[in-house]
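S.K.: Next up is a structure, given as structure tokens.
The values are calculated or read from the model by the stated rules, or taken from the named source; none is laboratory data. Note that this is a predicted model, so its numbers are computed, not measured. Every residue, glycine among them, receives a Cβ derived from its backbone with ideal geometry; neighbour counts consider all protein chains shown.
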Amino acid sequence: MNNSTVYIAERLWVGQLGNGFVILSLLAALFSAIGYYFYSKEVLTSEWKKFANTAFIVHSISIIGIAATLFYMLFNHFYEYSYVYQHSNNEMPLQYIMSCFWEGQEGSFLLWAFWNVVLGNILRKTIEVKWEAPTMAIFALVQVFIASMLLGIYFGDYKLGSNPFILVRENPQFANLPFLQIENYLAKIDGRGLNPLLMNYWMTIHPPTLFLGFSSTLVPFVFAVAGLWKRDFTTWQKPALTWTFFSIMILGTGILMGGAWAYEALSFGGFWAWDPVENSSLVPWIVMVGAGHVMIINKNRGGSLFMTHLMAIASFLLVLYSTFLTRSGILGNSSVHAFTDLGMQAQLVIYVLTFVMICVVLLIHDKLIRVSYLMVSFLILFFGIVYGHKIILLLIWIGISFIITIYSYIKFFPKEEEEESLYSREFWMFVGSLVFLLSALIITYFTSIPVMNKLFTMEKAPIKIADYNLWMVPFAIIALILVAVTQFFKYKKTDPKQFFKQISISAVIALILGCSAVIPLYFLKDYSSASSINKWNLISYAILFISALFAVFCNLDYWMRVLKGKIRHAGSSIAHIGFALILLGALISTSKKQTISKNSSKKNVASLGEDFDAKKSLVLTIGDTLAMGNYLVTYKGKERKGIDVFFNMDYFTKDANGKLIKAFELSPMIQDNPRMGTSSHPDTKHFLSNDIYTHITYGILSDTKAVKKDAYREPTNFVGHMNDTIFSDNAIIKIDSITTNLSEKQFSENDSLLVVTAVLKATDINGTTYRATPKYILKNNSVLPSEFELKELGLKFIFWKINPQEGSIEIQVSEKVNSTKEFVVLEAYMFPFINVLWLGCVIMIIGTIVAIIERRRLNKVKPQ
Amino acid sequence: MKKIHILGIVVIAVAIGVIFTSLQSSATYSDFIEASSNPDTEYHVVGKLNKSIPVQYDPKINADECSFMMLDNKGVEKRVVLHKSVPQDIQKSEQIVLIGKMQGNEFHANDILMKCPSKYNDAKPQA
């Protein structure tokens with residue numbers, strides 16, 4: 001920073017306005033929380049209500065004001081502001097200004113705060129009076145924390161939040177930029193621009209949907225916390241259920257978009273890689289689904305109180321925790337795509353712990369224990385700040401909180417006296433929710449390995465994708481079986497005979513269809529040669545396959561026979577069918593994913609272990625035609641559009657006569673990104689039953705030098721008869737006919753000169769046929785050297801031998817050397833039936849929407 | 001004993017079981033020396049590419065093999081054989097993590113993660 005320089009033309013008022021909104025939003029949220037707190041204590045006065053509501057509206061306007069200010073800066077390219085300078089530039093197309101907005105951490109926090117404000121106001125307007133004050137008090141408190149993320153104020157060395165309105169010259173990261181020495185630097189600079197990786201339509205729709213999903217988990221959370229607080233454990237659940245369904249729907253959509261984006265635009269070769277960033281959106285969804293189900297039990301049957309509170313609270317806490325994971329920099333080596341560390345680690349930890357603490361405090365129904373727990377917590381915080389030993393103190397605190405939670409549950413929480421029957425719907429729904437919760441905990445634990453490393457000073461490497469799959473398959477199987485059968489149980493008590501009779505049809509169909517699909521898929525070829533771990537995998541895949549079919553048929557059956565095909569009540573059946581199809585599609589497309597690019601190298605590395613035996617890189621030289629799966633592929637060359645280099649390839653199939661027909665073209669791309677380095681983007685051809693996915697693993701991005709002339713490779717000898725075919729790299733050559741200048745009689749009479757001509761027809765990839773006529777010349781019983789060059793195809797033929805006994809001829813074929821010839825290294829896969837997965841996603845979302853509509857209708861019909 | 005208690009016990013047992021087995025089986029971050037002493041165990045070795053020695057990659061011979069020298073965090077240098085196509089940006093890498101095992105004097109890796117210097121890594125670059 002250069003303090004002596006007086007800068008010209010900076011529009012400082014914009015940042016001041018923005019900062020005004022930041023401070024106002026924080027204060028208004030705080031006042032609103034206080035207001036709702038006092039409003040919740042009093043029954044009659046509406047003074048606090050008015051105050052709190054006004055404060056919340058002011059807060060909402062401020063958040064929108066912050067967003068509008070930031071947009072205004074981005075639209076008008078105010079590069080004096082660090083955020084604009086970092087994320088936009090003069091060429092930024094209008095549609096990506098949105099992406100600039102949420103590219104950085106501050107913008108994405110703002111997006112989160114914005115959705116919270118939208119949902120908060122809807123909640124405030126629609127909620128029954130009884131729950132308004134307590135839920136909104138907690139809601140406003142959460143907003144205090146999120147608004148503080150945008151503060152960027154220093155307390156000594158410690159920075160609270162990260163401000164989107166700081167100037168470039170105030171940002172220590174840019175302190176040494178040379179242009180800051182110039183008074184009117186603004187006239188000379190352009191922004192750094194948006195990361196080109198993010199300039200695609202997914203980045204304009206995926207983040208807002210996902211963040212709306214994250215925001216939506218807040219509503220069930222505030223209901224559940226309010227329930228703990230007011231010690232009314234049941235009446236909040238009915239209004240909260242619609243919100244829970246909404247959260248399941250929107251968060252599910254966000255995750256689906258993430259998967260689709262990964263599959264379409266990223267190059268790890270799949271739709272799900274168990275990356276921490278992906279897991280941190282999946283886990284809250286899983287818990288939310290569990291919460292929704294225990295809340296349904298509670299609505300129909302009562303009970304399950306602790307689980308409803310636990311899961312509704314856990315979903316939001318897990319969103320907070322994943323915010324910490326992905327934004328604190330703690331993932332380090334284990335994730336290739338976490339956010340950069342903005343020095344907010346401590347702050348994020350404290351936020352997560354504060355909300356855990358609030359929940360524990362509210363759970364304790366004893367003043368003495370409550371006060372002691374609070375005192376101990378603050379003492380631990382104090383010791384941690386003053387004396388260090390933060391990790392040990394943190395572990396102690398977690399231990400204490402855990403023990404107190406269990407104690408409070410036993411001591412203060414209402415419990416059901418009556419035990420559920422084994423043949424009741426509520427029992428199995430409860431088991432299902434427990435399975436969901438457990439799988440969420442395991443994924444969280446796996447994802448948290450870097451955190452564990454820090455807590456317990458270990459050096460564990462992140463869990464592998466294959467291990468995630470291995471552990472999650474049994475959970476998926478149990479979940480699917482429960483999804484299949486649970487609807488056929490009645491609440492309270494079911495006649496077992498009736499139950500088994502009802503599910504038997506679906507079971508039989510699923511078993512027959514499943515076995516006839518599973519045996520050829522997993523057991524005919526693969527099983528006998530598989531290692532023991534893979535044998536286990538194959539068996540579990542088979543069970544998963546059959547369970548998924550079982551779940552689909554059971555739910556179809558329930559919808560058609562029990563619900564008589566009515567759509568209004570069928571939300572859950574439809575959503576369950578979707579869920580089962582998702583798992584089925586994921587299973588088939590992952591387990592039967594075929595590498596169609598095959599490495600022709602003879603080197604065998606199987607001795608190194610299974611992980612090494614993946615020869616999947618194919619070298620494709622320009623003009624070459626190589627077989628890939630059912631296709632023949634030819635590389636046509638590359639073209640550069642800006643920073644994107646496209647590698648164009650044609651895929652051919654053979655028709656009944658063996659003639660090549662062009663099936664489709666793919667243009668996988670490598671982005672030659674000056675800021676991010678290169679990144680490979682696949683191209684995929686979608687068919688109804690499978691996808692052909694191709695991506696470049698190695699390509700030369702610069703223009704290749706001209707082809708060297710007249711150098712030929714070592715010849716290869718071919719022995720052939722009439723009508724035989726010879727294969728070269730770029731042509732198919734047929735021996736069409738053999739002619740001589742002399743008849744046999746003439747030859748025996750006159751042995752001076754014999755010329756035998758082989759007429760060859762060489763067909764290239766485009767179907768053009770060329771004639772080659774190499775000659776075998778015999779003079780005075782010795783062969784004269786003669787070669788035939790087919791320039792068009794870069795082939796040279798030497799017809800050098802005739803074997804009269806076999807009736808065959810021998811021809812040496814050499815191909816032109818092209819050491820500088822353009823080539824690419826690629827990997828290609830065939831994903832079978834991946835459309836089942838996408839179809840399942842859409843069906844599940846539709847089912848959830850049907851359930852939301854029905855729930856809203858019911859809530860209107862019977863107001864409480 | 002109620003059914004719910006049995007469920008609780010099952011849940012806790014599974015959770016402990018998963019934590020224990022995954023801790024037992026998962027690989028650890030390490031260095032070349034430790035990998036040499038257990039040649040058949042998989043390790044994640046963190047280090048830096050030696051940029052003064054060229055990376056060898058000839059797709060015409062084997063598109064799934066490249067080789068380079070890497071210095072681990074303890075300063076030990078070993079030849080690495082990566083059984084994959086060469087990562088396009090390897091020359092720009094600041095830090096690499098190799099997943100694989102030691103065989104003789106060479107480290108055979110089946111996967112590689114790279115950290116490249118970039119101002120913004122808040123996107124999903126290629127894995």
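S.K.: Taking the stated definitions as given, is residue B:16 of a type in the set (A, V, I, L, M, F, W, C) and at pLDDT below 90?
M.R.: No; evaluated as a whole, the condition is false for this residue.
S.K.: Another one. Out of (1) without any contact (Cβ under 8 Å) to a residue 24 or more places away in the chain; (2) touching an Asp or Glu at 6+ places or on another chain (Cβ under 6 Å); (3) surrounded by 14 or more Cβ atoms within 10 Å (Cβ to Cβ), what's the single condition that is false for residue B:81?
M.R.: Condition not satisfied by residue B:81: (1).
S.K.: Hey, another quick one. Among the residues of region A:458-491, write down those that are among the charged types (D, E, K, R) and more than 30 Å from residue B:41 (Cα to Cα).
M.R.: Correct list: A:490 only.
S.K.: In region B:41-61, which residue that is away from chain A (no Cβ under 12 Å) and in a loop (DSSP other than H, G, I, E, B) is surrounded by the most Cβ atoms within 10 Å (Cβ to Cβ)?
M.R.: B:50
S.K.: Okay, moving on. Of all residues in region A:459-502 being more than 17 Å from residue A:276 (Cβ to Cβ) and without any contact (Cβ under 8 Å) to a residue 12 or more places away in the chain, which is nearest to the chain's Cα centre (by Cα)?
M.R.: If we take residues in region A:459-502 being more than 17 Å from residue A:276 (Cβ to Cβ) and without any contact (Cβ under 8 Å) to a residue 12 or more places away in the chain, then A:459 is nearest to the chain's Cα centre (by Cα).
S.K.: Specify the residue that is farthest from residue A:167 (Cα to Cα); the eligible residues are those in region A:90-102 that are surrounded by fewer than 18 Cβ atoms within 10 Å (Cβ to Cβ) and in contact with a helix residue (DSSP H, G or I) (Cβ under 9 Å, 6 or more places away or on another chain).
M.R.: My answer is A:95.
S.K.: Return yes or no: is residue A:472 touching a helix residue (DSSP H, G or I) at 6+ places or on another chain (Cβ under 7 Å) and more than 11 Å from chain B (Cβ to nearest Cβ)?
M.R.: no
S.K.: For residue A:27, all conditions in the list (1) touching a residue at least 12 places away in the same chain (Cβ under 8 Å); (2) within 42 Å of the chain's Cα centre (by Cα); (3) surrounded by fewer than 17 Cβ atoms within 10 Å (Cβ to Cβ) hold save one; what is the number of the exception?
M.R.: Checking residue A:27 against (1) touching a residue at least 12 places away in the same chain (Cβ under 8 Å); (2) within 42 Å of the chain's Cα centre (by Cα); (3) surrounded by fewer than 17 Cβ atoms within 10 Å (Cβ to Cβ), the one that fails is (1).
S.K.: Return the residues of region A:482-493 that are of a type outside the set (Phe, Trp, Tyr) and surrounded by fewer than 19 Cβ atoms within 10 Å (Cβ to Cβ); say none if nothing qualifies.
M.R.: Result: A:490, A:492, A:493.
S.K.: A follow-up question, please. Can you give me the number of residues within region A:503-525 that are in contact (Cβ under 8 Å) with a residue 40 or more places away in the chain and surrounded by 15 or more Cβ atoms within 10 Å (Cβ to Cβ)?
M.R.: 7
S.K.: Also, quick follow-up: Please go through region B:95-115 and give me each residue that is more than 10 Å from chain A (Cβ to nearest Cβ), in a strand (DSSP E or B) and over 14 Å from the mean Cα position of the chain (by Cα), ordered by number.
M.R.: B:106
S.K.: Answer yes if at least one residue in region A:334-348 is of a type in the set (Gly, Ala, Ser), surrounded by 22 or more Cβ atoms within 10 Å (Cβ to Cβ), at pLDDT 85 or above and on the phi < 0 side of the Ramachandran plot, and no otherwise.
M.R.: No, region A:334-348 has no match at all.
S.K.: Looking at region A:697-728, which of its residues are farther than 30 Å from residue A:681 by Cβ and modelled with pLDDT under 70?
M.R.: Correct list: A:708, A:709, A:710, A:711.
S.K.: Residues of region A:670-696 being in contact with a strand residue (DSSP E or B) (Cβ under 8 Å, 6 or more places away or on another chain) and more than 30 Å from residue A:587 (Cβ to Cβ), which ones?
M.R.: A:670, A:671, A:672, A:673, A:678
S.K.: Then there is this: Select from region B:88-126 the residues that are of a type in the set (Asp, Glu) and within 18 Å of residue B:46 (Cβ to Cβ) and write down the one among them that is modelled with the highest pLDDT.
M.R.: Looking at residues that are of a type in the set (Asp, Glu) and within 18 Å of residue B:46 (Cβ to Cβ), I get B:106.
S.K.: Taking region B:78-94, which residues are assigned to a strand (DSSP E or B) and touching a helix residue (DSSP H, G or I) at 6+ places or on another chain (Cβ under 8 Å)?
M.R.: B:78
S.K.: Okay, moving on. Please count how many residues of region A:132-160 are in contact with a helix residue (DSSP H, G or I) (Cβ under 6 Å, 6 or more places away or on another chain) and among the aromatic types (Phe, Trp, Tyr).
M.R.: 2
S.K.: Against the conditions (1) in a helix (DSSP H, G or I); (2) exposed (fewer than 14 other Cβ atoms within 10 Å of the Cβ); (3) touching a residue at least 24 places away in the same chain (Cβ under 8 Å), where does residue A:432 fall short? Just the number, please.
M.R.: For residue A:432, the failing item is (2).
S.K.: Here is a follow-up. When you go through A:94, A:177 one by one, which is the residue that is free of Cβ contacts under 8 Å to residues at least 12 places away in the same chain, within 14 Å of chain B (Cβ to nearest Cβ) and of a type in the set (A, V, I, L, M, F, W, C)?
M.R.: On inspection, the qualifying residue turns out to be A:177.
S.K.: Taking the condition surrounded by fewer than 16 Cβ atoms within 10 Å (Cβ to Cβ), more than 30 Å from residue A:494 (Cα to Cα) and within 11 Å of chain B (Cβ to nearest Cβ), does residue A:446 pass?
M.R.: no
S.K.: Let me ask you something else. Going through A:411, A:460, A:415 one at a time, which residue ends up being closer than 28 Å to residue B:27 by Cβ and at pLDDT below 90?
M.R.: A:460
S.K.: Given the structure, is residue A:768 under 30 Å from residue A:686 (Cα atoms) and free of Cβ contacts under 8 Å to residues at least 60 places away in the same chain?
M.R.: Yes: the conditions hold for residue A:768.
S.K.: Sticking with this one: In region A:160-189, which residue that is within 33 Å of the chain's Cα centre (by Cα) and part of a loop (DSSP other than H, G, I, E, B) is surrounded by the fewest Cβ atoms within 10 Å (Cβ to Cβ)?
M.R.: Of everything passing the filter in region A:160-189, A:171 is surrounded by the fewest Cβ atoms within 10 Å (Cβ to Cβ).
S.K.: Which ones in region A:380-414 are free of Cβ contacts under 8 Å to residues at least 24 places away in the same chain and assigned to a loop (DSSP other than H, G, I, E, B)?
M.R.: Passing the criteria: A:388, A:389.
S.K.: Pick from region B:24-40 the residues that are modelled with pLDDT under 85 and more than 7 Å from chain A (Cβ to nearest Cβ): which of them is farthest from residue A:457 (Cα to Cα)?
M.R.: Here the answer is B:40.
S.K.: Do we have residue A:326 as more than 18 Å from residue A:278 (Cβ to Cβ), modelled with pLDDT under 90, of a type in the set (S, T, N, Q) and not assigned by TED's automatic domain parsing to the domain that holds residue A:140 here?
M.R.: The answer is no for residue A:326.
S.K.: Looking only at residues that are part of a loop (DSSP other than H, G, I, E, B) and in contact (Cβ under 8 Å) with a residue 40 or more places away in the chain in region B:62-77, which one is nearest to the other protein chains (Cβ to nearest Cβ)?
M.R.: B:73
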